[in-house]
Amino acid sequence: MTTITEILDIQAIRADFPILNQEINGKKLVYFDNAATTQKPTSVIDAIAHYYNFDNANIHRGIHTLAERATRDFEASREAIRAFLGASSIEEIIFTSGTTQGINLVASTFGRKFIKEGDEIIISGLEHHSNIVPWQMLCEEKGIKLKVIPVTDLGELDMEAYQNMLSEKVKLVSVNHVSNSLGTINPVKEIIDLAHSFGAKVLIDGAQASSHLNIDVQALDADFYTLSAHKLYGPTGIGVLYGKKEILNAMPPYMGGGEMIKEVTFEKTTYNELPYKFEAGTPNIADVVALKTALEYIAFHGKENIAAHEDMLLHYATEQLLEIDGLKIIGQAKEKVSVISFVMDGIHPQDIGVLLDNQGIAVRTGHHCTQPLMQRFNIVGTTRASFAVYNTTEEIDRLVAGIHRVKKMLL
Ligand SMILES: Cc1ncc(COP(=O)(O)O)c(C=O)c1O
């Protein structure tokens, strides 16, 4: 069994998450669906309530005190996420509704303007549907070719195949930093450097990486990086698109409306400066403000400490699960975050999910919005357990016992 010296007080951390303190179907809740969304600490919940109780106003342009406070806190969050991503300027930080919108923004603006018929876009076989469908839509519209980096039996990207796909025709490579279905950490620095050597730009989908790994967009030299706040202990409905300033400046706006303009006449409209050029309309102010609180929560405990705890859980769970007869883990990459997808001989993932829920254990089952990846492994779906800072080895023991119970009931 793997052991590490625990630096974090996990019981104290658990007390920060009120949702964990409840029973589901008469059993203490075990929440292992963190790759879908993480739970929120009290400080984040309180930040949303505080905003609406004391500071609610529309941002920018207002001169009254509430508008000034709301604007100050909204822009403070932009600065916090700039530091979190290691970006050089707040002009490169655009608030979106989430990773999905960030990718669609790049496809609709950069894609429409800079990628033409006969060009190529590369994605990978590990992608979430939100990093597949926007590119398919663009390719269909413009006669662009979509190429897919194959996935090995271990669930890693075939880097030799990737190198062979690259040419001057490739204008964009869009891959995830971490796979939501398998937990694979992709070698994104190498992917970016290779793409750049052919003049292609690179978008990294960081939805799954942002809560587990330290991110430095400048060290990576990423052209775009997207994330969703709800996967890093923050609220739903908020995300971030990082883009290099010179590329964002060259891109046309995404949506038209208030905030994104400099001057409007019926003859011509001029657009606002970065980042506001890409932020039309009243944004999700309360949740942007609370995103900063979520980042502070992570910083307070230390990303490295959180990652070490999650890594311990990953190794413990992998060892325990592999001892179960008929259980196979899909995705055994050398570099992984705390996500375990598995299949069981003779039992459908959905049945496992329902019977575990009966025991108070929340896991995700199905294709995890990665149908092509499921096809690659010739399976209908998996059962996925994904761990966060508040999970414990005792909870993993409950999962293992729960699976044994499922086997007894169904086999
Ligand atoms: C790798 C990956 N990309 C993109 C997304 C989409 O994120 P959102 O639904 O927050 O836009 C997810 C969500 O599960 C994901 O895991």
_Let me spell it out: the conditions are (1) over 19 Å from the mean Cα position of the chain (by Cα); (2) not in a loop (DSSP other than H, G, I, E, B), and ARG384 meets all of them except one. Which number is the exception?_
(1)
*Go through segment 176-191 and count every residue that is more than 11 Å from the ligand (Cβ to nearest atom) and either among the β-branched types (Val, Ile, Thr) or not in a loop (DSSP other than H, G, I, E, B) (or both).*
5
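Criterion first (on the phi < 0 side of the Ramachandran plot, more than 14 Å from the ligand (Cβ to nearest atom), outside any helix (DSSP H, G or I) and of a type outside the set (Ser, Thr, Tyr)) does LEU172 satisfy it?
Numbers: on the phi < 0 side of the Ramachandran plot: yes; more than 14 Å from the ligand (Cβ to nearest atom): yes; outside any helix (DSSP H, G or I): yes; of a type outside the set (Ser, Thr, Tyr): yes.
Considered against the rule, which asks whether it is on the phi < 0 side of the Ramachandran plot, more than 14 Å from the ligand (Cβ to nearest atom), outside any helix (DSSP H, G or I) and of a type outside the set (Ser, Thr, Tyr), LEU172 comes out as yes.
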*For segment 141-166, name all the residues that are in contact with an Asp or Glu (Cβ under 9 Å, 6 or more places away or on another chain), in contact (Cβ under 8 Å) with a residue 60 or more places away in the chain and either buried (at least 21 other Cβ atoms within 10 Å of the Cβ) or part of a helix (DSSP H, G or I) (or both).*
VAL151, GLU156
_Single residue of LEU220, LEU194, LEU241 found to be surrounded by fewer than 24 Cβ atoms within 10 Å (Cβ to Cβ) and either under 30 Å from ASN34 (Cβ atoms) or within 16 Å of the ligand (Cβ to nearest atom) (or both)_ = LEU220
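Within segment 256-375, considering only strands (runs of 3 or more DSSP E) that don't extend past its boundaries, which have at least 1 residues that are aliphatic (A, V, I, L, M), closer than 23 Å to ASN176 by Cα and free of Cβ contacts under 8 Å to residues at least 24 places away in the same chain? Give the derivation first.
On the way: elements: 261-264, 269-271, 327-330, 339-344, 364-366.
Qualifying strands (runs of 3 or more DSSP E): 327-330.
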*Which of the residues belonging to segment 109-140 are within 15 Å of the ligand (Cβ to nearest atom), in a helix (DSSP H, G or I) and in contact (Cβ under 8 Å) with a residue 12 or more places away in the chain?*
HIS129, SER130, ASN131, PRO134, TRP135
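Out of SER89, SER124, SER108, report the one residue that is over 21 Å from the mean Cα position of the chain (by Cα) and either within 28 Å of TYR233 (Cα to Cα) or at pLDDT 95 or above (or both). Give the steps one after another, and end with the answer.
Numbers: SER124 fails: over 21 Å from the mean Cα position of the chain (by Cα); SER108 fails: over 21 Å from the mean Cα position of the chain (by Cα).
Just one listed residue meets the conditions, SER89.
The values are calculated or read from the model by the stated rules, or taken from the named source; none is laboratory data. A quick note: this is a predicted structure, and the numbers were derived from the prediction, not measured. Positions of Cβ are generated from backbone atoms using ideal geometry, with glycine treated the same way; all protein chains shown enter the neighbour counts.
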